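Engineer: Before we start, here is the structure in question, set down as structure tokens.
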Amino acid sequence: MATGAGRFAPSPSADLHIGNLRTAVLAWLFARSTGRRFLMRVDDLDDRTHADIAARQLDDLAAIGLTWDEPAQWQTAHPQRYHDVVAELADRGLLYECYCSRRDIQQAPRAPHAPQGAYPGTCRDLTDAARAARGEETGRPPALRLRTDVITYTVHDVLHGEYTGIVDDFVVRRGDGVAAYNLAVVVDDAAQGIDQVVRGDDLLASSPRQAYLARLLGHPEPVYAHVALVLNEDGARLAKRDGAVTLAEIGMPRALEQIAESLGFRATTLEGMLDEFDADRLPRHPWVYRPDS
Ligand code: GLU
């Protein structure tokens, strides 16, 4: 049995829907079934003004029966944690200032084989003078990017096996001075002793960047399990307009029953699901959600 921890880390951008709750249940099941602690983190760096949404998310997670072993941590509560790591990377000569806007990046000329979605390297090798000129020209404070020495990186995922994805010179601190998601996740997971990351498979493509950064910082790669998302009947990501999708709308115990059914469990309680849990038997396809009528 492991001694580390698993976690669920919602961003407080909207109330959790049944798909998010299902991912949280899976994260809890993965953690508990492997003897890990389970932690909760509010990823509020991007949604700093949404404390009310975060509070409702935590209430909903508790209402479906999830328990976590420490009080939830809020990312905005410890900016120094990110500062220190950014300073360390800067000292090691691994960061550079980037003045590119999203549009600059889209329009930049690319080498013929450059991977789609990768930063084209516009600001990577500027001379000090050219960098200062870019700064003056744009009038924007720079983001800080990581100078990476790979193009791709391979992670191991419990559900996806070996997964190789792009590692470009990704942003670690945004132009507004706030830690970027990829840095914050890695720093927080390490600081909280998290060694198992269970989350939606929309984040699978981010895991090579995060694992690469973890390695640079001397942290072990967590065990990853990227679980299939929930879709609406049109095959699009589930959203509020799809009808009754939040806990307030679905109610208990129905929400947990729906989650249990979607995962193929006979039990409809969390403890019962834990008894039946077998990662190898989890459905690998997205769950198409049809609200009860
Ligand atoms: N906060 C991120 C989200 O809600 C998830 C972070 C993670 O699980 O690594 O999309």
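The values are calculated or read from the model by the stated rules, or taken from the named source; none is laboratory data. Note that this is a predicted model, so its numbers are computed, not measured. As a convention, Cβ positions derive from the backbone with ideal geometry for all residues, glycine included, and neighbour counts pool all protein chains shown. Accessible surface is based on the protein model in full, side chains and every heavy atom, while ligands, DNA and RNA are left aside. Shrake-Rupley method; radii C 1.70, N 1.55, O 1.52, S 1.80 Å.
Engineer: Might you report the magnitude of the Cβ-based charge dipole of the stretch 177-264 about its Cα centre, with Lys and Arg at +1 and Asp and Glu at -1, to the nearest 20 debye?
Structural biologist: Taking the Cα centre of the stretch 177-264 as origin, the dipole is about 240 debye.
Engineer: Can you give the calculated 222 nm mean residue ellipticity of the chain, where each DSSP H run of n ≥ 4 adds -39,500 (n - 2.57) and the sum is split over every residue, rounded to the nearest 500 deg cm²/dmol?
Structural biologist: Theoretical 222 nm ellipticity from helices: -10000 deg cm²/dmol.
Engineer: Here is a follow-up. How much length is gained if the chain between Asp176 and Thr76 is pulled fully straight, taking 0.36 nm per residue apart and subtracting their Cα-Cα distance, in nm to one decimal?
Structural biologist: 34.6 nm
Engineer: Another one. Can you tally the net charge around Arg290? Count Lys and Arg as +1, Asp and Glu as -1, for every other residue whose Cβ sits under 11 Å from the Cβ of Arg290.
Structural biologist: -3
Engineer: Run through the stretch 144-180 and list the trypsin sites (Lys or Arg not before Pro) located in a DSSP loop whose Cβ has at most 16 other Cβ atoms within 10 Å.
Structural biologist: Loop-located and lightly packed - Arg147.
Engineer: Of Gln80, Trp68, Thr164, which is farthest towards the positive pole of the chain's charge dipole, taken about the Cα centre with +1 and -1 on the beta-carbons of Lys, Arg and Asp, Glu respectively?
Structural biologist: Towards the positive end, the residue furthest out is Thr164.
Engineer: While we're looking at this one, here's another question. Sort the stretch 196-275 into rounded, prolate or oblate with this rule: let a ≥ b ≥ c be the square roots of the eigenvalues of the Cα gyration tensor; rounded if a/c is under 1.5, and if a/c is not under 1.5, prolate when a/b is larger than b/c, oblate otherwise.
Structural biologist: Verdict is oblate for the stretch 196-275.
Engineer: Another question, then. Given the options Leu238, Val227, Ala214, identify the residue whose Cα lies farthest towards the positive end of the charge dipole of the stretch 194-293 (+1 on Cβ of Lys, Arg; -1 on Cβ of Asp, Glu).
Structural biologist: Ala214
Engineer: Would you please name the trypsin sites (Lys or Arg not before Pro) within the stretch 44-92 that are DSSP coil residues with at most 13 other C-beta atoms within 10 Å of their C-beta?
Structural biologist: Qualifying residues, ordered by number: Arg48, Arg92.
Engineer: Over the stretch 26-161, with the other protein chains present, what is the accessible area per residue in square angstrom, probe 1.4 angstrom?
Structural biologist: 54 Å²
Engineer: I've got another one for you. If you average 1/r across every pair of different Cα atoms in the stretch 1-131 and take the reciprocal, what Kirkwood value do you get, in Å?
Structural biologist: Hydrodynamic radius (Kirkwood, Cα pairs) of the stretch 1-131 is 18.2 Å.
Engineer: Identify, among Tyr119, Val187, Thr152, the residue whose Cα sits farthest towards the positive end of the charge dipole of the stretch 71-190, taking +1 on the Cβ of Lys and Arg and -1 on the Cβ of Asp and Glu, with the dipole about the Cα centre.
Structural biologist: Tyr119
Engineer: Kindly write out, for the stretch 49-66 in residue order, the coupling ³J(HN,Hα) from the Karplus curve 6.51 cos²θ - 1.76 cosθ + 1.60 (θ = phi - 60°), rounded to whole Hz, with x marking Gly and Pro.
Structural biologist: 8, 9, 4, 5, 5, 4, 5, 5, 4, 5, 4, 5, 5, 5, 5, 7, x, 6
Engineer: To the nearest 20 debye, what is the magnitude of the charge dipole of the chain about its Cα centre, counting +1 on the Cβ of each Lys and Arg and -1 on the Cβ of each Asp and Glu?
Structural biologist: 500 debye
Engineer: Follow-up. Given Cβ point charges of +1 (Lys, Arg) and -1 (Asp, Glu) and nothing else, what value in debye, to the nearest 20, does the dipole of the stretch 139-293 about its Cα centre take?
Structural biologist: 720 debye
Engineer: Continuing with the same structure: With a sphere of radius 14 Å drawn around the Cβ of Leu39, what net charge do the other residues whose Cβ falls strictly inside it have (Lys, Arg +1; Asp, Glu -1)?
Structural biologist: Neighbour charge sum, excluding Leu39 itself: 0.
Engineer: Now a separate question. Would you mind listing how long the stretch 1-55 runs along its three principal axes, going by Cα atoms, in whole Å with the largest first?
Structural biologist: Largest to smallest, the principal-axis extents are 39, 22, 15 Å.
Engineer: Right, here's the next one. Calculate what fraction, in whole %, of the accessible area of the stretch 73-203 sits on carbon and sulfur atoms when a 1.4 Å probe is rolled over the protein chains.
Structural biologist: Solvent-exposed carbon and sulfur of the stretch 73-203 make up 52 percent of the total.
Engineer: Using bins 5 angstrom wide from zero, how does P(r) for the chain break down, in % of all Cα pairs?
Structural biologist: Histogram of Cα-Cα distances, whole percents per bin: 1, 5, 11, 14, 17, 16, 13, 9, 7, 4, 2, 1, 0, 0.
Engineer: For Asp280 paired with Ala191, estimate the spin-label separation in nm (one decimal), with each label point 7 Å from Cα along the Cα-to-Cβ line.
Structural biologist: 3.9 nm
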